[in-house]
Every structure is written in structure tokens, then in C-alpha cells.
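Derivation of every value follows stated rules applied to the coordinates shown; laboratory data play no part. A quick note: this is a predicted structure, and the numbers were derived from the prediction, not measured. Positions of Cβ are backbone-derived with ideal geometry, glycine not excepted, and every protein chain shown enters the neighbour counts.
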């Protein structure tokens, strides 16, 4: 037996791997029960039955499903995501660039929205039930209530078309400097921030208010600490676990839920890549994308769990 | 200017209450209270719950808990009216001139910070000294308060330290910035008697060594008599009596103070054991999740119509014994014989008659009742379940029971929220009596009640025992209660039975070391008791 925290963390990671394995199974099953035959759709309606049969054989579609599943899985484990049916290229290559773009967008959106949400949450607590709290809650609720495509088009119309501040289409290429890239993704970042802000801000507010009921907050107030120090030193460290959880869920959303935003701004990320290949019935690509999304989701949630474990002084410093 | 450190003049404190089903309205919690405290003096504020003693104590820091508001009067600390100063000035007062020690130190420390950082936080915040000096002072305080390993205890987190120790660390935290006044709010109430005495001694020594003035708030007159110079008796937010400790203890003028002084005056003639015990606990051992053994080979008898008191500090296994007898925790070894036949170990296997004959009353009456049921429904439920009573017959029996607990028919349609603490406990007693049990397990039933109310409950229980011939297994940590109601006593310590016999046997010398410690730790209502006891101790409490 090592430190109890190591055991707990190891347990979480093991559970995460198991979950990922189950997710891969679900993804495979899901793509198998999709209607239509892959070989047929590649060759088109006019293909001869012989040609279809040959292609099926070539693609290994005649093997039982579980054989194909384990072949696919062992490929994935070796870093081989397979080849795209639509263009015959390696999926790993196609995806890596897209994934980088998506992560680029997501991380800037996160870098912007997470601190903003936490700071707004802290401000809302400090001025709770007064106008700053109501203003923050109202605005963030309004922004989450509007669909992201609506916000996206509003921004394109006013900020991009009318004011001409930022480009309406977020296209990246290798030759751009960081500043140019940031300029290009400014509008999608704003949209994403508005979508995830309210959830994180309200959770921060609720978690801290919950802690504010504790006797140790009264102790801190009776020590003569100023209200912001009370929140920062005594309330916030005890509210980290729920806050981190909701932050991670929103980070996951920034990666896997950006499909609509990417489409609106024609951004060359994973979301658009996935949508393109779904319409082309390119099953291996869909599977690969889904698996990447699943692993992002699961690993961010593992991180949230681990942070919660490590943030708990009872686990960190056992008796 | 007078030499008063704290001067409270005609203080009035109010709050808005939101009773269910009524319009919110304002109530007055403290009516017109005045007191003066000189430098280095200790004033005891005493009264039952709702007397306004904590509220008055916190007013010396210009702090109102919850919706409490100071509505009138003046509070002077070091000559300035603190009710008039703004937030910025209050922060200079709090934690620097006046500090606070709460009842539950365990809840009052930030669980995510090391003790040392919390203890010296105020000293550093107010710029009274640098970190190294503050830590040095804290270690010195830890040492003088008798904490183990004073050099390193500050590196621990709150959950790594016992309750009695935390209470002393909190005292160190209050002393660290060298305040002029400390408000002690029931600092030993949540502790075992054996631990209480050490904390009390530490607080007394700290007050004497540093010359700090203190407001000492408690409901226990015997405790306050040990540390105070003067006592102010409060009731329902009014001043009842004010005097020196000697005046209050030895010659109380007001009737209410006299009652407080002679609380625990119930006497009970001990009955002889019979040949046929109603409950025989034979060599019971028990453990939680098969690992931690909490009961080791315990055997006791309870005789019909008699009371066995089980005493011990927290962790002694006394409540676990009750869980084993009721079947909530099947024992790992041993037998329970009830009324001549062996009981099945686990609750779900017992038949309904066994369940009926063995009832329980809990410490927290308000959480032991469904808040959405009326008193009539609560007491009527066992009548329905065990005897199939309905309608008028059931109502008649409920009224009989309400009369037996000295409450009467007018309470039948009330909800628990409309009852006082003592009344709630009475309803719980009536509910258990409704089953016509042969044995009632009373688990700390008076611990959450004010002394006078608790006395009323004990008298009622003794009375009912005479009428119904019911036996009690009375679990408590309070030896005064034990002396007043038991026929036999079992003393438990760390899961073992250390002493067992009739009341007169157990309470007569020679004592084993633990029973001696336990008996001598019960605060007595006389001056100088604390010093006397500390001079004669042989061992320390397990919680220390």
C-alpha cells in the first residue's frame, strides 16, 4: 500500500481506461448498425454486384464484427487509425492537423473563459444579491440561452460586417503569425466563451456560497479579514472540487461540442472534418473522430476527479 | 473615562423570524442588557438556550449571526462605541482587540489550511509581528496550553487533531494577537467531561498568564464557576442576576438562579437486582466492517423496571452496544437474551413482538420525528402498527399518553416544529411508550437539553418507570444524570467494560483509575474544584 492518494488516482485512471474501452465498443457498434453498406456507398448506385462483393472482401467486411472490432482496436492501439474510404489517405495524418486546430481554438477559448468565469463567480459572491451579482447572472444566463449559431451570426453581422473588426471566416494556415491567427479566431472564441461562461460562473458562485455557510467562514470574519480575503483564502480552496468538475465538463465541450461553431466560421477543425465525413459515409473516419472525442472527454473528467482527490486535505494528509 | 475595557449599555438585539405558515415578523432576542468588564477580568454569561448569551458575546465584536441585528444601546470597547464604526474600523477591532473561541473548534477551522497558518493569520494581517515571531509565539502558546508536540502540531491539518486539542489550538489562535478581550462561546460543551477538564484548565491558565479579559459563555454553572470572577445570569434575553461567583453559587437571590444552582438534585433509591433479568448481554464483541473492534467481550444484565446506566466518553462503545442490542449491528460474538429467549442477531430477522418490546429514544428528538406529521400521528403510528388501533380508540390512547408525559390533548394537532426541545423529547418518549415496551434504550436523551429541561425529562422517565414497570438502558456521558436515575452502572472505556455493578457498588471506593478519572472530572458547583481535581489525577482521557 502506497500513499492512499496514489491508490485512488491509480483507480481513477484504470476506470478511465475501462470506460474508454467500453466507449470504443459502443462507437464500433454504433457505426455498424448505421443503415447502408460501406462498399455500396463507396462505389455508388451504379456499381455491379461483383465489384461490390470484391470491395467488401478487400475491406474485410465479410469477417464477423468482433474480428473487425479487434483488428480496428489493435490498429488504434498502435497509432494506426486506418485509412479514409473517401480518399484512401491515412486518417491519422488527416486528423492531426484538424485536431491541432481544434485544440488551438479550444485552448484559447478556455484561457479566456475559465479565469473570467471564476472571477465573475467570485465577484457575484462578494456582491451577492446586489446589482453586480444580478447583472453577472442575468447576462451570462442570457448568453447561454441564445443558441450558439444565433450568437455566431449576430457577431458576424455586427462585428465583422458592420464594424469590420474581425474576419467572419476563421481560416488558418501555416504562414500566419500568432497574432494573425488570434485575429482570425477572435469571433469563434467569443462565441464559445459566451456558451460555457454561465455554467462555470454559476457553479463557482453556488459552490462558494455553500462554503460561506460554514463556521470557519465566521471565524475568518471574526478575525477581521476583509471580505475578499475571506473568499480567496478560506472559501475558494474548499470549493475547488465542484468548480473543477464543471470547468472540465466545459473544457470537454470546447473540444467535442464545437461542431456548430466550426461550421459557422468555416474553421478547419475536427468538428467540420467529422461533419464532412459523416455526409460521405466514411465510417473509419467517423469512428476515429468519435474515439478521439471520447478520449478527450474521459481524460478531462479523470483530471477533474484527480484534482478533487488531491484538493481534499483529508486524503492528502491522512491521520 | 472609566477603566472599563468593555462596557455594554442598554443593549437591544432583534431578528426577523420566518415561522412556517405565518408572516415574517421581528422579535427581540436581547432586552436592555448592560454589563461592565474591567481589564483582566472574566465575566461568565450563563443561561439556557435562547437566553441571548452568545448574541451578547458576539455584540462585543459588533457581529450579528444570521439575521440578528443590534437595534439599540451602546457597546464600548477600549472607550469607543463600536456600533458606530464602519467596516474598515471593525476589521481593526476583530481579531486584534477582541477575539473569539467557538463551541465547535472542529467546524471553526478551515479544513484546507494548516493549523499554524490559521493561528498566526490575524497576527500577521494586523501587522503585529513578522511570520517567524508569530510562529514562535504560537508554539509557546501551544506549549503552555498543554498540547502534545507543540513544535510540530501547527503543521497538521484540523482533521489530524482530536476535538479537545483543536479546542486548545483555537484558544491559542485567540490569544496569539494578544487581544484585550476574548469571547469564549461554550468552549468545552462539545467535549467529554474527561477532556473538558483539561481544556478548562488550559483556558484558565492562559487567562491568568496573559491577563486577558474574557466573556465566558456557557449553560453550565459549575464550569463557569471555575474560571470567572463575576457571573451574569440571563434568561430569555433579560438579565436575571449579576454578582461575584461566590455570591451566585453560595447565595443566589433570584428563584431562577437558585434552580440553576441546585439542578441535578433528583434522587432515586436504588433497587436490588432480581433473579430474572429482562435483558442479558452475554460476552458481546462487535466490530465495524470486520476491522475496527469497538466492543470487546461485554456482559451486562438489565432487570425489569430498573435502569442500567452505561457511561463512557466518545469512542467508548456505549452507543455501539445499543446498536448491537437493537440488531442494527449484529455482533461478531456473544448472545443477547431478552425476556428469557435468545434474540436473533440481525434486525430484519426479528419478529414484530421483539421489536415492540424493545424501543429506543434518541439524543436528537427533532430529527427522530417526521416534521410533516402531527404529534397525534407520530404517537399513533406504533398503536396502529403493533395493536391495530384506529379512529376514536387510537385517539383516546394518544391522549392518555400525552397526559402521561404531562403535555395534554391540546398538543395532538401540533407539528414538531411548534414544540420546544423538551416537548419534542417528551413526544419521543410517548411514542416509545405507546408500544408498551419492556425495555427502552435511551441514547443520550438529555444531552442536547438545557439542565432544567433535562431534569424535567429525567423526573418524567423515573415516574413512568414506576407506572409502567419499564426497564431503561440509559446511555450517557453525564455522570450527574447517572447518579440521579440509575440502579446499576456499567462504565465503558475503549470498548471494554471496566466497571459494572449496582450503583452503590460502582460509586464506592476503591475505584479503578478510569472510573476515578471519570467521577472526578464532573464539574462541581464549588469554588476551587478545578485545582483540587487536577492535583489528584492518576490518568488522562483517551481523547487527549
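Values as computed for the structure displayed
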item	result
Cβ-based exposure ranking for B:9, B:23, B:424, B:410, in which fewest neighbours within 10 Å come first	B:23, B:410, B:9, B:424
Packing-based ranking, highest mean first, of B:445-451, B:464-470, B:33-39 given that Cβ atoms within 10 Å are counted	B:445-451, B:33-39, B:464-470
Separation between Cα centres of the stretch B:95-137 and the stretch B:193-263, rounded to whole Å	26
Shape call, chain A: gyration tensor on alpha carbons, a/c limit 1.5	oblate
Separation between Cα centres of the stretch A:251-269 and the stretch A:103-125, rounded to whole Å	17
Antiparallel bridges, percent of DSSP beta bridges restricted to the protein assembly as shown (to nearest 5)	55
Shielding by other protein chains, A:228-235, mean Cβ within 10 Å	2
Rounded to 5, the percent of DSSP beta bridges in chain B classed as antiparallel	55
Distance between the stretch A:133-194 and the stretch B:296-364 - C-alpha centres, whole angstrom	69
Gyration tensor (alpha-carbon) shape descriptor, the protein assembly as shown, a/c threshold 1.5	prolate
Cα shape, the stretch A:100-277, gyration tensor, a/c 1.5 rule	prolate
Fewest-first ranking of A:278, A:286, using other Cβ atoms within 10 Å as the exposure measure	A:278, A:286
Whole-number percent relative contact order across the stretch B:4-261, with pairs defined as alpha carbons under 8 Å at least 6 apart	26
Relative contact order of chain B, pairs being alpha-carbon contacts under 8 Å that are 6 or more residues apart, as %	15
DSSP-defined antiparallel bridges as percent of all bridges, the stretch B:4-261, nearest 5	55
Which of A:130, B:156 has the fewest Cβ neighbours within 10 Å, and the rest in rising order	A:130, B:156
